[in-house]
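**Q** Please read through the structure below; I'll follow up with questions.
Just so it is clear, none of the values below were taken in a lab; they were calculated from the coordinates. What you see is a predicted model; the values in this text were computed from it and never measured. We place every Cβ from the backbone using ideal geometry, glycine too, and count neighbours over all the protein chains shown.
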Amino acid sequence: MHERRTSPRRRVEIDIEERTDGATYFQRSTDISTTGVLLASTLPHPPGTRVFLSLRLPDAGEPVTIEGTVVARSADELGMAVSFATPISLDLRAERATSAHERSSKTLS
């Protein structure tokens, strides 16, 4: 995928519910920024496809729904990049942006 990022990204896995054209898909992020997200291991939609993503941001309470547009996909790989219609508030410091697995591991220790 061609590099078009305008803000720093944080590697974090987040479960995401995607709604597109009346269908619902369950995705997993690879990384996220205030302006977009990379969804890995998914059959990509064509660039320009409008999507609605429901996700729980790291260290946030309730899930949020974000409108976005598919901006990139790889012809020979799974996955797609989604640009958010409106930037989100996100703490990208390593100690704050942790995955659900990392948080549950800490509480079980």
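**Q** Sorted by average packing, counted as other Cβ atoms within 10 angstrom per residue and highest first, what order do 75-86, 33-44 take? Working shown, then result.
**A** Working: 75-86: 15.2, 33-44: 18.1.
The most tightly packed comes first, giving 33-44, 75-86.
**Q** Between Thr86 and Ser54, what is the label-point separation in nm under the 7 Å Cα-to-beta-carbon projection?
**A** The modelled label-to-label distance comes out at 1.8 nm.
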